[in-house]
Amino acid sequence: YQRMVLASRPSGEVQASDFRLETADVPAIADGQILIRNHYLSLDPYMRGRMSDAKSYAEPQPLDATMIGGTVGQVVESKHPKFAAGDFVAGMFGWSEIGVSDGALLRKLDTTHIPLSAYLGPVGMPGMTAWFGFNQIMQAKAGETVVVSAASGAVGSVVGQLAKLRGCRAVGIAGGKDKCDYVVNELGFDACIDYKAGNLEGDLAAATPDGVDAIFENVGGAVFDAALARTNAFARVALCGMIAGYNGEDVPIRNARVLLTNRLTVRGFIVSEHMELWPQGLTELGGLVATGKLKYRESIADGLAAAPEAFMGLLKGKNFGKQLVKLI
Ligand code: NDP
C-alpha cells in the first residue's frame with residue numbers, strides 16, 4: 001500500500017519535495033485490531049502547522065513518518081468485537097491507503113443518508129468547527145449580522161448556513177467571483193464580498209448597513225481588519241484560523257483600537273479541545289445534511305500521489321469547498 005511521509009520541513013511555502021511517497025506491506029493484524037482501507041483523506045490547513053517545528057498548540061509531525069490526517073474508509077478485516085468487515089469508519093490514519101486501529105477513536109459511520117465523504121466535511125471536523133464557533137462563541141441571535149471569511153470553504157460554508165438557519169444576516173468574504181456567486185446563490189448567504197476585487201472595505205460596508213454583531217475569522221490580515229472596522233458595540237469574534245499567515249507571514253491587526261472602543265469579545269479556539277460537544281454537534285449537522293438543509297461542495301484530488309499538489313493549492317485558495325483526496 002502507499003503512504004506519504006514528511007520528507008522535510010518547509011520554510012515559507014510548502015514544496016512537493018517536502019513529501020515522499022512510500023510503499024509498504026499491508027500489516028497482519030493482531031487480536032483486538034482492525035484493518036481499514038481508507039477511501040478519502042481530508043486535507044486541512046492545520047497540517048501546515050504540523051509540518052513546522054515552531055511552538056504551537058500541537059506537537060510537530062515527525063519527519064519520515066506518515067503525514068497526519070483524518071480519513072474515512074471501510075473495514076477490510078476485524079479481530080475486534082465491535083467492528084466487522086464492511087463497516088464504514090472514520091479515523092486519523094493519515095496520508096495512507098491503509099489504517100490499523102485498536103478501536104479507540106474509531107467512529108462507525110452510517111452512510112444511509114449521509115455520503116461517506118461528508119464525514120470529513122460538514123459532518124466532521126470542519127463542520128464541528130463551524131458549529132462550535134457559531135454556537136459557543138458568536139452566539140448570534142436572529143436579526144443580527146455575521147461576517148464569515150473563507151466563506152466558500154469547508155468551515156466557512158457551514159457557519160453562514162447555520163447563521164441563515166438562525167435568522168441572521170450572513171455576509172461572506174471569499175476570493176473570486178465564482179466562489180462569491182456560489183456562496184450567495186447556492187449556500188444562501190445574503191451577500192459575499194470578493195476580497196480580490198480591490199474594494200474590500202467599501203464593499204463590506206455596503207453589505208453590512210447595520211454593522212456587524214459577530215465575526216467568524218478564518219483568514220486574518222486585511223480581511224479580518226475589514227470586518228473589525230464594521231463591528232457594533234459588544235460584537236463577538238470567533239477566532240478560528242489565520243490562514244493568511246500559515247507560511248510565516250505576519251498577520252497584524254491594524255484595527256486593534258476597535259477591540260477597546262467597541263468592547264469586543266475575541267476568543268480563539270481549537271475544536272479538538274472540545275470533544276465533549278462533538279456528539280451533539282455532529283448529530284445536528286448530520287441531520288441537516290441528511291435533509292438537504294446544509295449544502296456543501298468538494299474539491300477531490302485523485303490518488304495519494306496528487307495529495308501534495310492539492311495541499312499546496314489549499315493554502316493558496318485553489319480549492320473550492322472541502323479539499324479531499326480520493327484513495328480508492
Ligand atoms: P477552506 O476549505 O476554507 O480552504 C482554505 C481557504 O482559505 C482557501 O480556499 C482560500 O479561500 C482561503 N485562503 C487560503 N490562503 C489564503 C490567504 N493567503 N489569504 C486569504 N485567504 C486564503 O479550509 P477550512 O474550511 O478547512 O479551514 C478554514 C480555516 O479554519 C483555516 O484558517 C483553518 O486553519 C481553520 N480551522 C480551525 C480549526 C480550529 O479548531 N480552530 C479547525 C478547522 C479549521 P479564498 O479563495 O476564498 O481566499
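Can you pull out every residue in segment 274-299 that is within 15 Å of the ligand (Cβ to nearest atom) and either of a type in the set (Lys, Arg) or in contact (Cβ under 8 Å) with a residue 60 or more places away in the chain (or both)? Listed by number, the residues that qualify are HIS274, LEU277, TRP278, GLY281, LEU282, LEU285, LEU294, LYS295, TYR296, ARG297, GLU298. Among the conditions (1) modelled with pLDDT under 95; (2) over 23 Å from CYS240 (Cβ atoms), GLU59 misses just one, which is (2). For segment 40-60, a tally of residues being among the polar types (S, T, N, Q), within 11 Å of the ligand (Cβ to nearest atom) and more than 24 Å from GLY99 (Cα to Cα) returns 0. One residue stands out in segment 216-234 among those that are closer than 14 Å to ILE193 by Cβ, of a type in the set (Gly, Ala, Ser) and free of Cβ contacts under 8 Å to residues at least 60 places away in the same chain: the one that is farthest from the ligand (Cβ to nearest atom), namely ALA229. When we screen GLY103, GLY94, GLY86 for residues that are in contact with a His (Cβ under 7 Å, 6 or more places away or on another chain) and at positive phi, the only hit is GLY103. What number of residues within segment 1-60 are of a type in the set (Ser, Thr, Tyr), in contact with a strand residue (DSSP E or B) (Cβ under 9 Å, 6 or more places away or on another chain) and in contact (Cβ under 8 Å) with a residue 60 or more places away in the chain? Number of matching residues: 3.
Only residues that are buried (at least 18 other Cβ atoms within 10 Å of the Cβ), among the charged types (D, E, K, R) and more than 16 Å from the ligand (Cβ to nearest atom) were counted in segment 235-264, giving 0. Checking each residue in segment 44-85 for being surrounded by 13 or more Cβ atoms within 10 Å (Cβ to Cβ), of a type in the set (A, V, I, L, M) and touching a helix residue (DSSP H, G or I) at 6+ places or on another chain (Cβ under 8 Å) picks out MET47, MET51, MET67, ILE68, VAL72.
The values are calculated or read from the model by the stated rules, or taken from the named source; none is laboratory data. Here the structure is a predicted model, which means the values were calculated and not measured. Neighbour counts run over all protein chains shown; Cβ positions are idealised from the backbone, glycine included.
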